[in-house]
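Just below is one structure, and these are the notes that go with it.
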Amino acid sequence: MNKVKLNATGFVQGVGFRYMTFQLANRLSIKGTVKNESDGSVTIFAQSDDKLSLQKFISEVRKSPSPYGRVDYLDVKIDNSPDFDDFQMLN
């Protein structure tokens with residue numbers, strides 16, 4: 001299982017970013033979560049057995065899945081969180 005933790009900063013809250021990330025994850029069979037943070041960023045835990053799908057997901061998040069959003073910086077770290085069963089929007 002390939003796992004990453006992403007933190008997106010920029011114009012990523014109040015623009016449908018979480019919902020569009022959720023849609024993207026489901027389209028690419030990515031499991032994990034997406035959550036707004038109090039500092040205005042968005043944290044995403046993403047995992048997939050398919051490395052190419054996960055790379056595509058990261059690439060699309062970097063471009064902002066929401067047409068109204070803008071990602072100024074995307075921090076990508078390898079993650080060791082427990083396995084997820086699906087993809088969920090939190091908060």
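A few notes on this one:
- Lys pairs, region 23-91 - Cα-Cα below 17 angstrom, 8 or more residues apart or on other chains: 6
- If a spin label sat at a point 7 angstrom from the Cα of Ile78 along the line to its beta carbon, the backbone N atoms of region 1-23 nearer than 14 Å would be those of 1-5.
- Cα-centred dipole magnitude for the chain, charges only on beta-carbon of K, R (+1) and D, E (-1), debye, nearest 20: 240
- Modelled label reach - Gln23, point 7 Å along Cα→Cβ, region 46-80 residues with backbone N closer than 19 Å: 56-71
- Share of carbon and sulfur in the accessible heavy-atom surface of the chain [1.4 Å probe, %]: 49
- Gain upon complete extension [Asp85, Thr9; 0.36 nm per residue less C-alpha separation]: 24.7 nm
- Residue-span extension gain [Met1 to Ile58] - 0.36 nm each, minus C-alpha spacing: 19.0 nm
- Helix 17-27 axis, angle to the chain major axis (alpha carbon atoms, nearest 10°): 30
- Per residue, the solvent-accessible area of the chain (1.4 Å probe, heavy atoms of protein chains only, all protein chains present) comes to 58 Å².
- Ordering 32-43, 15-26 by mean Cβ neighbour count within 10 Å, with the highest value first, yields 15-26, 32-43.
The values are calculated or read from the model by the stated rules, or taken from the named source; none is laboratory data. Note that the structure is predicted; figures quoted are calculated from it, not measured. Positions of Cβ are backbone-derived with ideal geometry, glycine not excepted, and every protein chain shown enters the neighbour counts. Quick note on the areas: whole protein, heavy atoms, side chains included, nothing else; ligands and nucleic acids left out. Shrake-Rupley method; radii C 1.70, N 1.55, O 1.52, S 1.80 Å.
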